[in-house]
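The values are calculated or read from the model by the stated rules, or taken from the named source; none is laboratory data. None of these values were measured; they are calculated from a predicted model. All Cβ positions, even for glycine, are placed from backbone atoms using ideal geometry, and neighbour counts span all protein chains on display.
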DNA sequence: CCAAAAGTGTTGGTCTTACACCCATGC
DNA sequence: GCATGGGTGTAAGACCAACACTTTTGG
């Protein structure tokens with residue numbers, strides 16, 4: 001009984017996930033998503049949260065169960081079952097730590113995926129699919145954005161995840177009409193015209209037709 | 001490591017699920033969804049398919065994983081994990097069989113739910129939610145309809161599941177425009193004006209905006 | 001002839017999309 | 001002054017929701 005966690009973040013305007021290098025077993029040297037066995041006293045959800053926290057130092061963030069694979073090729077022969085999760089965390093909060101189980105950990109852009117250990121190629125496909133679907137009808141992008149952000153930054157997150165460009169005026173109209181954001185007094189200073197900063201009113205998961 | 005299967009069907013124009021009466025253990029006498037332990041050589045999906053087949057005699061039908069609960073109250077103390085599934089089968093094909101594990105099996109309308117054993121009240125909510133969402137953007141209703149059916153019958157299935165009435169003309173326009181159905185030469189005879197019979201071109205799962 | 005379901009088009013409103021110009025800032 | 005992103009409104013088309021009457025059959 002194991003868990004695997006696909007941890008997404010944005011690294012320099014690229015959607016990326018965390019890969020770890022397997023240290024031993026039949027898949028030694030291959031890359032995989034972090035994971036591990038569920039321990040005695042903990043629930044499956046808790047094991048996933050622990051894995052997320054051990055690798056990244058993040059305790060909050062967004063964590064969602066994806067799917068349970070009943071026939072992974074991990075340890076072929078035994079019917080090991082693994083429950084996959086996806087997590088969203090803002091890069092700023094992260095302190096990477098491969099831990100004792102893995103020889104390395106790195107952020108990898110979601111395109112150009114190497115061959116992964118176990119059944120993780122399947123897990124990868126599913127996670128991406130779920131993320132792309134879910135940004136369109138929930139407010140989960142709030143977990144990829146900092147507390148305060150401009151509408152331009154928010155739009156960029158959508159464009160990166162959905163791989164298509166959005167019309168700026170239409171995007172603003174829709175997002176603001178949803179009433180999920182609250183404009184802040186402050187503005188973003190920088191090399192260009194200052195932009196109004198916004199924050200999510202609520203960061204708890206909500207189902208709302210976004211795009 | 002266990003599976004639980006919520007089996008939906010339509011009984012006399014009512015959406016119903018199959019409940020079984022628990023024969024022993026702490027939940028003796030309570031109703032639950034059928035389920036059981038995953039056996040040595042089989043995968044989790046196979047265990048669910050076996051449970052469906054043993055209770056109903058149906059081998060094909062639609063089967064979809066719902067969610068994995070890591071902390072059921074089944075056998076409190078142990079961390080038993082159970083993977084829940086939902087199945088759709090047309091009533092006509094079914095031969096109910098409680099099997100040795102259960103003292104009874106019955107179809108129960110989805111409203112008026114009794115207190116269920118284990119964590120099955122949660123499973124029930126999730127299954128209904130998933131079914132209601134999924135009829136709207138996939139072709140899964142094909143698994144609740146007979147091979148040949150009229151548009152009126154199809155519309156009724158939607159109305160029953162979604163608990164709202166639909167406009168007949170708009171429904172026809174939309175469904176026919178999707179091109180999922182093929183009209184048959186034959187017509188349904190009966191006490192009223194004969195209706196054209198239709199069949200699904202494809203019965204494999206497809207994602208299509210239906211309503 | 002009555003009850004019940006089948007079959008069929010149009011219209012108004014809403015929503016979605018496409019599109020262009022000026023503004024504020026740092027360098 | 002120039003490059004870069006911020007900010008704003010409108011018009012055409014697509015889509016959706018609402019709506020009534022006639023037909024066919026069995027009993």
State yes or no: is residue B:187 closer than 20 Å to residue B:87 by Cβ and either within 16 Å of DNA strand C (Cβ to nearest atom) or part of a strand (DSSP E or B) (or both)? no
In region B:1-62, which strands (runs of 3 or more DSSP E) lie fully inside it and hold 3 or more residues that are away from every other protein chain (no Cβ under 14 Å)? B:2-11, B:14-22
Would you list the helices (runs of 4 or more DSSP H) that sit entirely within region B:117-184 and hold 1 or more residues that are away from DNA strand C (no atom under 12 Å from the Cβ), within 14 Å of chain A (Cβ to nearest Cβ) and surrounded by 15 or more Cβ atoms within 10 Å (Cβ to Cβ)? B:120-134
Of the conditions (1) within 20 Å of residue A:125 (Cβ to Cβ); (2) free of Cβ contacts under 8 Å to residues at least 60 places away in the same chain; (3) surrounded by 22 or more Cβ atoms within 10 Å (Cβ to Cβ), residue A:9 fails just one. Which one is it? (2)
Would it be correct to say that residue A:202 is more than 11 Å from DNA strand C (Cβ to nearest atom), assigned to a helix (DSSP H, G or I) and under 22 Å from residue A:92 (Cα atoms)? no
Residue within region B:185-203 that is exposed (fewer than 10 other Cβ atoms within 10 Å of the Cβ) and at pLDDT 95 or above present: no
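To keep it simple, each residue is scored yes or no on (1) farther than 14 Å from residue B:17 by Cβ; (2) touching a strand residue (DSSP E or B) at 6+ places or on another chain (Cβ under 9 Å).
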position	(1), (2)
B:49	yes, yes
B:66	no, yes
B:98	yes, yes
B:110	no, yes
B:121	no, no
B:124	no, yes
Looking at B:194, B:146, B:205, which is the one that is outside the structural domain of residue B:89 (by TED's automatic domain parsing), touching a strand residue (DSSP E or B) at 6+ places or on another chain (Cβ under 7 Å) and in contact (Cβ under 8 Å) with a residue 40 or more places away in the chain? B:205
Can you confirm whether residue B:200 is under 25 Å from residue B:53 (Cβ atoms) and either in contact with a helix residue (DSSP H, G or I) (Cβ under 6 Å, 6 or more places away or on another chain) or away from DNA strand D (no atom under 13 Å from the Cβ) (or both)? yes
